């Protein structure tokens, strides 16, 4: 496809772009080169590895659903209905993007742990969240939620409110405008944010091990399994790392194609 008039780029820009691509691609190529292909299936088919992969996929899917349920309303309010202190709220919501995940895990532990801010109250209700599968979901949601919020909020700000105003002037209720106008207009960015949230949840490590621990079949997700295997069986760790890369790449590629179609 030829470039459209006015979209030509200076030739020098290809060099830093190629270097940037190499920074990402070369380590992945090195990882592929270290895989013991003759034993690949054996390395990834152990009971602990399969349990970790299934747990990662299940918890990441639940976390992504929570990100949608919580993140869409947050993005809508931040983009459409600014309020006093909304800048501070936005900063707090996006803080996990720059916080070390271990810090997030400690924050969650001191909130939902047995001696945490809400721990005693939850324990009275018979809910013990820390070091459970629910803790994995919370940790993944904590680190993944900002990706969906920032993607959707930016798209809503760019789209403006022209079409929503027209729909409202024709008698559409706010809920109808939301479902029939606002979200369809932002659908490509919503899909991109959802994929980013899922990928971030799938690869979460620091907050999970701090808040949920590493109990096989309960809280030991694939990143934790890779970390443990690195000490006892490096070949298995490399093979499992490749599985995680392939799963994440497949999800992002599939959604990118659908996003391009929608655009």
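What follows draws every value from the coordinates through simple rules; no lab data is involved. From a predicted model like this one, the values you see are computed outputs, not experimental measurements. Using ideal geometry, Cβ is built from the backbone for each residue, glycine included, and neighbour counts are taken over all protein chains shown.
When every alpha-carbon pair in the range 52-112 is counted, what percent end up more than 13 Å apart?
74
Against the 2.2 N^0.38 Å scaling, with N counting residues, where does the range 1-142 land? I'd like the Cα-based Rg ratio to two decimal places.
It is 1.55.
In square nanometres and to one decimal, what's the mean projected area of the convex hull around the Cα atoms of the chain?
The directionally averaged projection comes out at 19.5 nm².
Round to the nearest 0.05 the FRET efficiency obtained for residue 175 and residue 83 when R0 = 22 Å and r is the Cβ-Cβ distance.
After rounding, the FRET efficiency stands at 0.60.
Starting from the 7 Å offset along Cα-to-Cβ, what nm value, one decimal, do you get for the label separation of residue 95 and residue 28?
With each label placed 7 Å out from Cα toward Cβ, I get 3.3 nm.
Of all the Cα-Cα pairs you can form in the range 165-236, what percent are over 21 Å apart?
Looking at the range 165-236, the distances longer than 21 Å represent 54 percent of pairs.
Want the number for residue 253 to residue 191: 0.36 nm per residue separation, take away the alpha-carbon distance, what's left?
Full extension from residue 253 to residue 191 adds 21.1 nm.
So for each of 175-185, 79-89, 239-249 I average, over its residues, the number of other beta carbons within 10 Å; can you give me the resulting order with the highest mean first?
Highest to lowest by the protection proxy: 239-249, 175-185, 79-89.
Measuring from label point to label point, each 7 Å out along Cα→Cβ, what is the residue 127 to residue 37 span in nm?
Output for this residue pair reads 5.0 nm.
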